[in-house]
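Student: Got a structure here, written out as structure tokens. Questions coming.
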Amino acid sequence: TAPQAVSVASFPIRIPGSLALSESLMSKIGDIGISLVFLCAFCFIPAGLIIYPVQERVNKERQLQRLAGVGPVLYWTAALVWDFGLYIAATLISAAVLAGFAVSVFTANANLPACVILILAFGLAVFGLFYYLQRWFSDGTTAYLVLFCGSIFVGINTVVAVVIMNVFSWMLNFGRIA
């Protein structure tokens, strides 16, 4: 048999700094888009579940429950446990999807457990706030719409503020480098 050989030549692609910066910027914009989708999803769950306490209060179903011996502490504890259990299930499914698709912004540097804890803490805070605010509404669908839009508004403004602060820090760093 004849001797065989393999030869390799490498010609690296030279990417100008402006193109690398635009690719990095597009990656960041994609990450922000994914975060906004998750924001919508995790604002939807508590807002959708607030319909039932509002309807129970308006229809005076809680008075019937109190007559049956269900006190306010037991009622709100059971409501929180059930609603938060659904929220935990949605969070775990989302974490599995993020891990399965290896979305780098959520899974790089072992960020996934921190993201899950942050989402769960957000849910616990929002449930408490929404339970408190449910007494302001006389219709469940109005409560859903107002609370969902309010939480989305606050979340989007927070994301925009973080992005603006990051842009300013990039500009300061770019100014030091140039």
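Student: Rounded to the nearest 500, what is the chain's calculated 222 nm mean residue ellipticity when only DSSP H runs of at least 4 contribute -39500 (n - 2.57) each, over all residues?
Tutor: Values: 7 runs with 143 residues, N = 178.
So the helix-based figure for the chain works out to -27500 deg cm²/dmol.
Student: Which of I45, I119, I93 moves most in a GNM of the chain, Cα contacts under 10 Å?
Tutor: Residue with maximal mean-square fluctuation among I45, I119, I93: I93.
Student: Give me the percent of the accessible area of the chain that comes from carbon and sulfur atoms, probe 1.4 Å, all protein chains in place. Let's see the in-between values first.
Tutor: Numbers: 9000 of 12340 Å².
Ligands and nucleic acids excluded, carbon and sulfur reach 73 percent.
Student: Same structure again: Top mean-square fluctuation among G155, G48, G71, Gaussian network model of the chain, C-alpha springs under 10 Å?
Tutor: Judging by the Gaussian network model, the answer is G71.
Student: If I require 24 Å or longer along the helix axis, counting alpha carbons, and a Kyte-Doolittle average no lower than 0.0, what helices from the chain are left? Use full DSSP H segments. List each step's numbers first, then the result.
Tutor: Numbers: long enough: 17-49 (49 Å, 1.44); 72-101 (43 Å, 1.54); 111-133 (32 Å, 2.09); 140-177 (55 Å, 1.51).
Span-like helices in the chain: 17-49, 72-101, 111-133, 140-177.
Student: Over the chain, what per residue volume does the convex hull of the Cα atoms give, in whole Å³?
Tutor: Values: hull volume 35.3 nm³, N = 178.
In the chain, the Cα hull volume divided by residue count equals 198 Å³.
Student: Where only protein heavy atoms count, and the probe is 1.4 Å, what is the accessible area per residue for the chain in Å²? Write out the running numbers ahead of the final one.
Tutor: On the way: 12340 Å² over 178 residues.
Value returned for the chain: 69 Å² of accessible area per residue.
Student: Ok, one more. Hey, got the dipole for the chain? About the Cα centre, +1 on K and R Cβ, -1 on D and E Cβ, debye to the nearest 20? Each step should come with its number before you reach the end.
Tutor: On the way: 8 positive and 6 negative charges, 47 e Å.
In total the dipole reaches around 220 debye.
Student: Hey, another quick one. Q65: net charge of surrounding residues, Cβ under 13 Å, Lys/Arg +1, Asp/Glu -1, itself excluded?
Tutor: Numbers: positive: R57, K60, R62, R66; negative: E56, E61.
Charge balance in the 13 Å sphere: +2.
The values are calculated or read from the model by the stated rules, or taken from the named source; none is laboratory data. It should be emphasised that the depicted structure is a prediction, and the values quoted were computed from it without experimental measurement. Glycine also receives a Cβ, built like all others from the backbone with ideal geometry; neighbour counts cover every protein chain displayed. Accessible surface is based on the protein model in full, side chains and every heavy atom, while ligands, DNA and RNA are left aside. Shrake-Rupley method; radii C 1.70, N 1.55, O 1.52, S 1.80 Å.
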